[in-house]
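Below: one structure, written as structure tokens.
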Amino acid sequence: MTRRVRVSLNGKWNYVPDQYRGGEKRAYFVRTRPDMTAPGKDPVDHDMAGVATIPVPASWNMADPTLHYFEQQLWYYRTFRRPRMARGQRAFLCFEGSYYRTRAWLNEADLGPEHMGGFTPFEFEITRQLKAGENQLAVLVDAARDADRCPTTVTDWFTHGGLTRDVFIEVRPAKFVTSWYIQLDKRGRNLVGEVSATHGGTAVVSVPALGVEARVKIDAKRLTGKLSVPAPRKLVRWSTDNPKLYPVTVTFGDDVLADRVGFRTIEAKGGEVLLNGEPIFLKGISVHEDHVTRGRSLTDADREDIFREAGALGLNFLRLAHYPHSRRMAEMADRKGILLWEEIPVYWRILWTNPKTYADASNQLAELIRRDRNRAAVILWSVANETPPDVKGRTEFLANLARLARRLDPTRLTTAAQFHVREGGKLVISDPLAEHLDVLGVNQYGGWYGPRAQVDAMADFDNVHYPDKPVIVSEFGGGAKAGHRGREKFSEDYQALLYRRQLAAMNKARGIRGMTPWLLFDFRSPMRENRHQRGFNRKGLVAEDRRTRKLAFEVYRRFRPKT
Ligand code: GCU
């Protein structure tokens with residue numbers, strides 16, 4: 001049995017911006033020298049061994065100031081030596097995330113269909129294209145906005161283009177596991193899951209500390225097999241107080257995979273969120289994956305900033321908005337006992353009736369779930385944020401995504417951030433999408449958007465239409481420029497007043513079982529350009545330096561939800 005071998009391709013790559021997007025037609029993936037002297041040959045305009053290099057992983061916008069607002073195509077180049085491979089082994093070029101459309105060529109051979117989606121892992125097989133000695137790799141990344149994508153052309157966040165997450169080569173046996181997970185079922189009686197592989201056969205999923213050795217028959221046609229064994233009595237549940245993780249290995253022929261998995265149940269019942277059968281109030285906060293100098297490419301130390309501030313606020317929950325964050329967030333949350341809401345960027349007005357748009361959204365959801373469904377910390381898959389309930393095709397589009405999430409992972413809950421509406425003297429959720437979700441998110445900015453008098457609006461909230469479905473206030477709050485004092489909007493004092501009034505109002509509401517105010521850190525957004533914002537959305541409780549806490553931070557830290 002052989003453990004897989006990984007060779008990192010992180011580091012300095014050569015690069016060539018392709019502002020007019022001509023490189024695919026003009027074969028920028030072909031290795032030719034720019035100073036062509038051969039007669040009858042045109043000089044080329046790209047340069048694989050150019051003088052300019054860029055770090056991988058990185059947002060190109062942050063790595064090269066000339067590319068700050070660049071949202072077109074960039075060609076990345078590097079060479080590497082063929083990794084050691086035993087006879088019959090296979091090699092894969094793996095990307096943890098690349099924004100947005102990605103193609104790759106190895107030794108001038110096209111590695112296959114483009115990948116769409118900027119936040120989740122994907123790979124190309126390179127076994128055939130590899131050659132002994134030095135190999136030439138060309139990668140095209142296209143960050144252009146396009147109406148038929150998720151997200152679509154307008155977002156209230158900064159577009160970080162490029163190879164923003166790790167890139168590596170992985171050497172595997174000829175037959176290998178393509179995806180697997182194991183988790184407690186919702187009633188906590190069985191360990192369930194599945195193993196998918198490149199070929200039919202038998203996989204063994206073992207949890208040595210629990211004496212579990214589950215044989216999983218993988219069907220040769222469907223290339224997947226289900227796992228279900230009684231949960232051992234001695235199993236210690238993962239929880240926010242005791243985030244217990246068990247070493248798990250999966251063996252399939254020569255392939256061996258290992259992970260550390262926490263076993264817990266999560267349910268939505270009787271209007272409550274139940275963690276291991278007990279009601280839990282999710283006191284959390286929303287987070288963008290955005291760093292003032294590293295953009296989307298956070299380090300673990302940057303992620304520790306998030307957990308440090310969440311700990312100081314006394315939180316047990318984070319909403320990772322509005323797209324899949326790095327897998328490292330869920331791995332760290334697993335160890336720290338912090339629950340997570342993970343989300344795909346089906347944001348605002350998407351092309352609901354366009355098959356390409358649904359293919360993009362469903363692919364990103366599938367890639368996210370397959371990446372993180374072994375993470376006990378992840379309890380919610382969110383399929384959308386603030387989408388118009390009355391637009392043709394929207395509810396069907398989102399209901400299909402919720403069904404896909406349940407098929408890929410029957411052990412977790414589905415949600416989305418929606419709007420509320422006023423019905424008589426009440427604020428209610430009456431969105432047809434709610435039928436298809438387990439937990440209902442509602443965004444509410446009383447006192448920030450709309451008349452100040454609405455600051456107490458949430459006191460009228462009553463989940464009359466879906467009393468069995470717990471509600472999370474997935475956004476509330478307002479902006480403040482750190483250090484700006486006074487009574488008007490964008491002063492710290494007004495933001496603090498908003499939090500005091502909105503939180504007091506929520507404690508009078510009915511059906512609220514969690515909250516993730518908008519948001520922890522100020523973040524870049526080209527939409528936000530007034531004198532207090534200057535390119536940043538300033539609704540953070542902490543400034544973009546990830547250190548300077550605003551007055552509202554203390555208001556939220558002291559807040560105790562009515563449970
Ligand atoms: C919206 C949206 C966020 C946005 C926020 C704001 O609710 O979901 O992405 O940043 O409001 O207005 O700041």
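Considering Leu320, Leu315, which residue is without any contact (Cβ under 8 Å) to a residue 40 or more places away in the chain, within 16 Å of the ligand (Cβ to nearest atom) and either farther than 30 Å from Arg145 by Cβ or open to solvent by less than 10 Å² (accessible area, probe 1.4 Å) (or both)?
That would be Leu320, the only listed residue that is without any contact (Cβ under 8 Å) to a residue 40 or more places away in the chain, within 16 Å of the ligand (Cβ to nearest atom) and either farther than 30 Å from Arg145 by Cβ or open to solvent by less than 10 Å² (accessible area, probe 1.4 Å) (or both).
For the subset of the stretch 160-169 comprising residues that are open to solvent by less than 10 Å² (accessible area, probe 1.4 Å) and not aliphatic (A, V, I, L, M), which member is farthest from the ligand (Cβ to nearest atom)?
Of the residues in the stretch 160-169, the ones open to solvent by less than 10 Å² (accessible area, probe 1.4 Å) are 160-164, 167, 169.
Applying the additional criterion that residues be not aliphatic (A, V, I, L, M) yields 160-162, 164.
Working: His160: 15, Gly161: 19, Gly162: 22, Thr164: 19 Å.
Applying the filter and picking the extreme gives Gly162.
Which residues, taken from the stretch 219-241, are assigned to a loop (DSSP other than H, G, I, E, B) and closer than 17 Å to Val207 by Cβ?
Of everything in the stretch 219-241, those that are assigned to a loop (DSSP other than H, G, I, E, B) and closer than 17 Å to Val207 by Cβ turn out to be Ala231, Pro232, Arg233, Lys234, Leu235, Val236, Arg237, Trp238.
Of everything in the stretch 439-485, what is acidic (Asp, Glu) and more than 17 Å from Leu380 (Cα to Cα)? Give them in sequence order.
Scanning the stretch 439-485 gives Asp456, Asp460, Asp462.
Which one of these does Arg560 not meet: (1) closer than 27 Å to Asp302 by Cβ; (2) more than 14 Å from the ligand (Cβ to nearest atom)?
Going through the list (1) closer than 27 Å to Asp302 by Cβ; (2) more than 14 Å from the ligand (Cβ to nearest atom), Arg560 breaks only (1).
Starting from the stretch 509-533, keep only residues that are under 18 Å from Ala457 (Cβ atoms), then list their pairs with residues that are open to solvent by 40 Å² or more (accessible area, probe 1.4 Å) and modelled with pLDDT of 95 or more whose Cβ atoms are within a distance under 8 Å, requiring at least 6 positions of separation or different chains.
Correct list of pairs: Ala509/Asp460; Gly511/Pro467.
Yes or no: Asp302 modelled with pLDDT of 95 or more and open to solvent by 30 Å² or more (accessible area, probe 1.4 Å)? Step through it out loud before you land on a result.
On the way: modelled with pLDDT of 95 or more: yes; open to solvent by 30 Å² or more (accessible area, probe 1.4 Å): no.
Against the criterion (modelled with pLDDT of 95 or more and open to solvent by 30 Å² or more (accessible area, probe 1.4 Å)), Asp302 does not qualify.
Consider Val346 carefully, then state whether it is open to solvent by less than 10 Å² (accessible area, probe 1.4 Å), of a type outside the set (Gly, Ala, Ser) and not assigned by TED's automatic domain parsing to the domain that holds Asn61. Let's see the steps before the verdict.
Working: open to solvent by less than 10 Å² (accessible area, probe 1.4 Å): yes; of a type outside the set (Gly, Ala, Ser): yes; not assigned by TED's automatic domain parsing to the domain that holds Asn61: yes.
Yes; evaluated as a whole, the condition is true for this residue.
Quickly run through the stretch 529-546 and pick out the residues that are in a loop (DSSP other than H, G, I, E, B), within 12 Å of the ligand (Cβ to nearest atom) and farther than 19 Å from Gln444 by Cα.
Gln533
Among (1) within 16 Å of the ligand (Cβ to nearest atom); (2) small (Gly, Ala, Ser); (3) surrounded by 17 or more Cβ atoms within 10 Å (Cβ to Cβ), where does Gly514 come up short?
Failing condition for Gly514: (1).
May I ask you to say which residue of Pro470, Pro432 is surrounded by fewer than 17 Cβ atoms within 10 Å (Cβ to Cβ) and away from the ligand (no atom under 15 Å from the Cβ)?
Pro432
Quick check: is even one residue across the stretch 503-510 in contact with a strand residue (DSSP E or B) (Cβ under 6 Å, 6 or more places away or on another chain), farther than 19 Å from Ala543 by Cβ and either open to solvent by 10 Å² or more (accessible area, probe 1.4 Å) or within 12 Å of the ligand (Cβ to nearest atom) (or both)?
Yes - at least one qualifying residue is present in the stretch 503-510.
Search the stretch 446-467 for residues being within 16 Å of the ligand (Cβ to nearest atom) and open to solvent by 30 Å² or more (accessible area, probe 1.4 Å), and hand back the single one that is farthest from Tyr347 (Cα to Cα).
Among residues in the stretch 446-467 that are within 16 Å of the ligand (Cβ to nearest atom) and open to solvent by 30 Å² or more (accessible area, probe 1.4 Å), the one farthest from Tyr347 (Cα to Cα) is Gln454.
For Gly270, work out the one condition from (1) surrounded by 24 or more Cβ atoms within 10 Å (Cβ to Cβ); (2) on the phi > 0 side of the Ramachandran plot it doesn't fulfil.
Tallying (1) surrounded by 24 or more Cβ atoms within 10 Å (Cβ to Cβ); (2) on the phi > 0 side of the Ramachandran plot, Gly270 fails exactly one: (1).
So Pro65 passes all but one of these: (1) at pLDDT below 95; (2) over 20 Å from Tyr28 (Cβ atoms). Which condition number does it fail?
So the condition that Pro65 fails would be (1).
From (1) open to solvent by 20 Å² or more (accessible area, probe 1.4 Å); (2) of a type in the set (Phe, Trp, Tyr); (3) within 18 Å of Asn14 (Cβ to Cβ), pick out the condition that doesn't hold for Phe95.
So Phe95 meets the others, but not (1).
Which of the residues that make up the stretch 371-403 are more than 16 Å from the ligand (Cβ to nearest atom), within 27 Å of Arg335 (Cβ to Cβ) and of a type in the set (Gly, Ala, Ser)?
Within the stretch 371-403, Ala376, Ala377 meet the criteria.
Quick one: Val250 ticks every box in (1) of a type in the set (A, V, I, L, M); (2) farther than 19 Å from His325 by Cα; (3) open to solvent by 10 Å² or more (accessible area, probe 1.4 Å) bar one, so which box is it?
Val250 satisfies all of (1) of a type in the set (A, V, I, L, M); (2) farther than 19 Å from His325 by Cα; (3) open to solvent by 10 Å² or more (accessible area, probe 1.4 Å) except (3).
The values are calculated or read from the model by the stated rules, or taken from the named source; none is laboratory data. Note that this is a predicted model, so its numbers are computed, not measured. Please note: Cβ atoms are built from the backbone with ideal geometry, for glycine as well, and neighbour counts cover all protein chains shown. Side chains are part of the model used for accessible areas, which takes the heavy atoms of the whole protein and leaves out ligands, DNA and RNA. Shrake-Rupley method; radii C 1.70, N 1.55, O 1.52, S 1.80 Å.
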